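Since the structure comes first, as structure tokens, the remarks are kept for the end.
The values are calculated or read from the model by the stated rules, or taken from the named source; none is laboratory data. Nothing here was measured: the structure is a model prediction, and the numbers come from that model. For neighbour counting, all protein chains shown are included, and Cβ atoms are generated from backbone atoms with ideal geometry for every residue, glycine included.
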Amino acid sequence: MNINPYISRRNALLQKLGDGVAIIPTATEKQRNSDAHYAYRFDSYFWYLSGFNEPEAVLVLVGGTDPKSILFCRDKDMEREIWDGFRYGPEGAKQEFGFDETYSIAEFDKKLPELIANRTTLWHSLGHDAVWDTRIAAGLNAVRAQTRAGKRAPAHINDLRQLLDAMRLLKDAHEISAMQRAADISSGAHVRAMQASRVGLHEYALEAELSYEFRRNGADAHAYTPIVAGGSNACVLHYVSNNQLLHDNTLVLIDAGCEVAGYASDITRTFPVNGKFSTAQRDVYEIVLAAQAAAIAMIKPGNAFVAPHEAALKTLVQGMLELKLLQGSVEGNIESEAYKRFYMHRTSHWLGLDVHDAGEYKDGEAWVKFAPGMALTVEPGLYIRAADDIPKHLANIGIRIEDDVLVTASGCHVYTTAPKSVADIEAVMQP
């Protein structure tokens, strides 16, 4: 494992702390039933700075004239390793991950007061975890109890996410590589699902094809619960039951991506179950595809985050007018928000360690402007639920097309490569 990116991030954060101390715990294990846990997934902030994937760990960064990184983790325990697998232990973690100091997690509460005493600022993600809020409050109170001995508690408690979110918004070369790998695996999985599709399968059969392709190629897991939505289910934005039959002359919408080294991909493709678009399906699909192309064209340094959404929205509304779903003008329907009946979500979100990744969308009242290293999704859609005033040939058509995009110095790079033109989808689905 290349630990240099993690060391570089820790050093960069240390420069921002002044004489403060930052405390970053990882996620806790979650019990699934009486004798099993859910598959463990580390806290994204902790992983971003450490690369350490064991539970029961805390990273402490101490700023000032003698900056250092300290890890508290589980002890080596041969008995537990027989049952649960390898543990680095404090000494192993120090050697493998480049920390300045390491200690047993059992010592954390005892050492916390001395780590934060006489520091101006304590940096912590307040409100993120009530248990940790309580532990840190206990440490602060322990320092305050020593006031007559000359100990001083931090006068300021700042939200560490303010600093880390800004750092995470700009991906480094290590992150870009991991995201490209996740996108490559996920793109191949979507192709596999297209080629496996046929009338009479259940939605979960296509989900199984995705899961197989993810793990076969070394992905850690699904980055989020997959959506495999056939027919009218595609008009439910967060449909995850994935248990219905796939019928002839209908579409199936798949929103699924894998995670690699903690980094997510997020792809949506919509295609005909039988491999051939009907005229109505093609008409709606081409509108969504054009909207996505218009949005991607707006992703370049200096443009506002909202620019892709505005471009996609104009194209979608024009398409809704052509389909007779709306009446009036493009501008009038955007102003009245009549379009929200068929397109009710935004076009993009940040992407990285989390599917909806860290980072602000506005700077004050102004939208954040794109800069090289930012990564986001582009996912316009149209969802035409059956109703008395909806033409029957359009009823229950739900389409979304989503790709992952990196802002570059000269424009943008689309990470994801799964087929998305009508011709390419139909070609890849031929027996």
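Details
- Unique residue being touching a strand residue (DSSP E or B) at 6+ places or on another chain (Cβ under 9 Å), under 30 Å from residue 386 (Cβ atoms) and surrounded by 24 or more Cβ atoms within 10 Å (Cβ to Cβ) when the list is 240, 199, 236, 252: 252
- Annotation note: Cβ proximity below 8 Å between a residue of region 181-194 that is in contact (Cβ under 8 Å) with a residue 12 or more places away in the chain and basic (Lys, Arg) and a residue that is part of a helix (DSSP H, G or I) and buried (at least 19 other Cβ atoms within 10 Å of the Cβ) (sequence gap 6+ or interchain) occurs for 192/209; 192/210; 192/213.
- Only one of the numbered conditions (1) under 25 Å from residue 356 (Cβ atoms); (2) over 23 Å from the mean Cα position of the chain (by Cα) is violated by residue 397, and that is (1).
- Inside region 335-360, residues that are in contact with a helix residue (DSSP H, G or I) (Cβ under 6 Å, 6 or more places away or on another chain) and part of a helix (DSSP H, G or I) make up a count of 1.
- Residue that is nearest to residue 42 (Cα to Cα), among those in region 245-272 that are more than 28 Å from the chain's Cα centre (by Cα) and not in a strand (DSSP E or B): 246
- Residues of region 361-399 that turn out to be over 25 Å from residue 415 (Cα atoms) and in a loop (DSSP other than H, G, I, E, B), as a count: 14
- Where residue 426 falls short, out of the listed (1) charged (D, E, K, R); (2) buried (at least 17 other Cβ atoms within 10 Å of the Cβ); (3) under 20 Å from residue 185 (Cα atoms): (3)
- If the condition is being farther than 20 Å from residue 414 by Cβ and basic (Lys, Arg), then region 295-329 contributes 314, 324.
- Considering residues of region 155-185 that are surrounded by 16 or more Cβ atoms within 10 Å (Cβ to Cβ) and of a type in the set (Asp, Glu) only, the residue nearest to residue 16 (Cα to Cα): 165
- Listed conditions (1) under 14 Å from residue 253 (Cα atoms); (2) surrounded by fewer than 21 Cβ atoms within 10 Å (Cβ to Cβ); (3) not aliphatic (A, V, I, L, M) are all met by residue 188, apart from (1).
- Candidates 318, 327 - the one that is assigned by TED's automatic domain parsing to the domain that holds residue 178, of a type outside the set (A, V, I, L, M, F, W, C) and farther than 28 Å from residue 425 by Cα: 327
- Count of region 319-331 residues which are in contact (Cβ under 8 Å) with a residue 60 or more places away in the chain and part of a helix (DSSP H, G or I): 2
- Filtering region 280-302 to residues that are over 22 Å from the mean Cα position of the chain (by Cα), touching a residue at least 60 places away in the same chain (Cβ under 8 Å) and either outside the structural domain of residue 250 (by TED's automatic domain parsing) or more than 15 Å from residue 369 (Cα to Cα) (or both) leaves 280, 281, 282, 284, 285, 286, 287, 288, 289, 291.
So that you can scan it fast, the table gives a plain yes or no per residue for (1) more than 30 Å from residue 261 (Cα to Cα); (2) in contact (Cβ under 8 Å) with a residue 40 or more places away in the chain; (3) surrounded by fewer than 18 Cβ atoms within 10 Å (Cβ to Cβ); (4) in contact with a strand residue (DSSP E or B) (Cβ under 6 Å, 6 or more places away or on another chain):
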| site | (1), (2), (3), (4) |
| --- | --- |
| 64 | yes, yes, yes, no |
| 81 | no, no, yes, no |
| 90 | no, no, no, yes |
| 105 | no, yes, no, yes |
| 110 | yes, no, yes, no |
| 122 | no, yes, no, yes |
| 127 | no, no, yes, no |
| 143 | yes, no, no, no |
| 153 | yes, no, no, no |
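- Conditions (1) touching a residue at least 40 places away in the same chain (Cβ under 8 Å); (2) in a loop (DSSP other than H, G, I, E, B); (3) of a type in the set (A, V, I, L, M, F, W, C); number of the one not met by residue 316: (2)
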